[in-house]
Amino acid sequence: IEIYSLRVDCKVTSRFAHTVITSKIVNRANESREATFEVELPKTAFITNFSMSIDGKVYPGIIKEKASAQKEYDTAVLRGQSTGLVKITGRKLEQFHVSVSIAAASKVTFELTYEELLKRQLGKFELLIKVRPKQLVKHFQIDVHIFEPQGIRFLETDSTFMTNELTEALTKVQNETKAHILFKPTVDQQKINPELDETLLNGDFVVRYDVKRGATAGDIQIVNGYFVHYFAPHEMPVFPKNVIFLIDRSGSMAGRKIEQTRAALLKILQDLRPEDHFSFITFNSRVAEWRSSLLQATAENMANAAGFVQTLSASGGTDINRALLTAVSVLDKAKRLPKSSVSMIILLTDGQPTSGESNVEVIQENIQKAVNGKYALFCLGFGFDVSYKFLEKMALSNGGIARRIYENADAALQLQGFYQEVATPILRKIEMQYPENAVEGLTKNNFKLFFEGSEIIVSGKISNELDLLPVEIKAQTHASDLTLKEEANVKEKAQVFQNQSYIFGNFIERLWAYLTIQQLLEKSISAQEEDQKTLEAQALELSLRYSFVTPLTSMVVTKPAGQQQTELANKPTEAG
């Protein structure tokens, strides 16, 4: 079985990435063989299309509501249960895997399309392409086109498998608003060494970039009646933070996990600003406060804290409920904190609540009542024994986010990286306002906090009659209240994309649908049951209308007669 052509074509238009992976395979044996298409894609992406063509006949993947697809599938597969075509393979990736049997000398072409909105983190966007053909490929290429009307501020490529020879196969062309990256290694360049038919291509190919930002009220783009508004202020005073690090030291954290936690906390301590306040609470079946109140991040306090962190050891059960309530009460009682500051609790745990209150619903209720919108709660789940669903719901209900920390060598870096994302709050209570009578289907437009290096994105549909789209942004900075105003000329804005040949025309509409689905799903996590149904119904309707494989839809892949006929591609979620 020979892969004679493998192409990754990616077009990024104003952060929205549309990627097509095409693999062409021939069976050089004189009997039928299994041809496999296995690619990894970012978890943040939605698959939108898949097809196999075998000797000219096309077998398309059809996207349906998950429940009805499952029913069909169960009828088709009374004999054995197949595991589905998509599974999570790591911190950032999931894998799509399909095999089909093809006759001697037959050819098959697999084509997979997925889309995602690139998210700005720590000042840059990252486009991740996983490369793993497992054999030498005669025609191999990665072709990336980027168009950013705001202008490209910087652009870099990075790869985990580059050699000097492979670097020669990489070209980058860039002007003010566009970039083209082509990676096209010959068979010889792909080889580990000239004698062996083994490929070097195994790992990540990454493009990182950021855009220029001139206008204070962000940047508005409009295509076919849909708009997107990007807002990422910078160089603003930073709010002092009051942070409680809530660290699980139950028995399951013993060994490598607690070592990595210690290493990460020592680094994080160095990143605290002098005006920040902090404290540690550790817990197993008992809850222990390092100090009875928050301390300012002075050199002396930091040195004491570092000494304490180095003594952290793990044993016993897990009383998450009491630990969180203790953290909230420390913030409630705190005196002499900077007047205009941001308070947060960062919880790190690797298990289920086993001591004290163990009913997760009761814990969620207790915490939401106690926090009462005053503080942001961030939940980091270490490894796979945590109930991620529980942590995610708790974080989203309390103005924060959840993140899984994968148990591998770089866990300390993952923890540190997460802290850096929330280390510099520069705005709070952000309201993005648009004329009510002229805009519909507006995505989330109120945000509790904005962190330096990230980006706020709002999208919606504008009515046909509108010539000017006025926007107003209200927020609090550390120094004062902020109001920014801007007017976008609808016709002028639409002109920007008119002559860009490689852009698919309705990309802002698809971006709007992608963002709306993501937000509906996120909202449903912390919603009451009846609201949950409504939110999911809306997300399902959009998933089907724009053909996205989301947690509510499935793609049904049908194979030629005589093989296990139907298989399902579902979207896995971190909560499983």
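The values are calculated or read from the model by the stated rules, or taken from the named source; none is laboratory data. No experiment lies behind these values; they were computed from the predicted model shown. We place every Cβ from the backbone using ideal geometry, glycine too, and count neighbours over all the protein chains shown. All accessible areas refer to the heavy atoms of the entire protein, side chains included, with ligands and DNA or RNA removed. Shrake-Rupley method; radii C 1.70, N 1.55, O 1.52, S 1.80 Å.
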Applying the gyration tensor rule to the Cα atoms of the range 262-367 (axes a ≥ b ≥ c; rounded if a/c under 1.5, else prolate if a/b exceeds b/c, else oblate), the class is oblate
Output for the range 1-64: GluC sites (Glu not before Pro) sitting in coil per DSSP, at most 12 other Cβ within 10 Å, listed by number, reads E31
As a percent rounded to 5, the proportion of antiparallel DSSP bridges among beta bridges in the chain is 80 percent
Everything considered on the Cα gyration tensor (a ≥ b ≥ c; rounded for a/c under 1.5, else prolate if a/b is larger than b/c, else oblate), the range 326-417 must be described as oblate
Ignoring ligands and nucleic acids, S454 exposes an accessible area, probe 1.4 Å, in Å² to the nearest 10, of 30 Å²
Counting Lys and Arg as +1 and Asp and Glu as -1 over every other residue whose Cβ sits under 9 Å from the Cβ of I146, the net charge comes to +1
Expressed per residue, the solvent accessible area of the chain in Å² (1.4 Å probe) is about 44 Å²
Computed about the Cα centre, the charge dipole of the chain from +1 Lys/Arg and -1 Asp/Glu charges at the Cβ has a magnitude in debye, to the nearest 20, of 540 debye
Helix 256-271 sits off the longest principal axis of the Cα atoms of the chain, rounded to the nearest 10 on a 0 to 90 degree scale, by 70 degrees
Rounded to the nearest Å, the spacing of the alpha-carbon centers of the range 9-68 and the range 436-473 is 34 Å
Of the range 117-132, those with amide N under 20 Å from the point 7 Å along the Cα→Cβ vector of R91 are 118-132
The size of the Cβ-based charge dipole (Lys, Arg +1; Asp, Glu -1) of the range 241-423 about the Cα centre, to the nearest 20 debye, is 400 debye
Looking only at lysines whose Cα falls under 17 Å of K429's and that sit 8 or more positions away or on another chain, we get K241, K339, K374, K444, K448, K474, K485
Scoring only Lys, Arg, Asp and Glu (+1, +1, -1, -1) among other residues with Cβ under 9 Å from the Cβ of K24 yields +2
About its Cα centre, the range 163-308 carries a charge dipole, from +1 on Lys and Arg Cβ atoms and -1 on Asp and Glu Cβ atoms, whose size in debye to the nearest 20 is 580 debye
Excluding ligands, DNA and RNA, the carbon-plus-sulfur percentage of the accessible area of the range 1-140 with a 1.4 Å probe reads 49 percent
Cα extents of the range 241-423 along the principal axes, largest first, in whole Å, come to 37, 36, 28
Filtering GluC sites (Glu not before Pro) in the range 132-170 by DSSP loop and by at most 13 other Cβ atoms within 10 Å leaves E168
Rounded to the nearest 5, the percent of antiparallel DSSP beta bridges in the range 241-423 equals 15 percent
Placing one equal point scatterer on each C-alpha of the chain and summing with Debye, one gets log10 I(q)/I(0) at q = 0.08 Å⁻¹ equal to -0.63
Quick shape check on the range 488-571: root eigenvalues a ≥ b ≥ c of the Cα gyration tensor, a/c under 1.5 is rounded, otherwise prolate if a/b tops b/c, else oblate, and it reads oblate
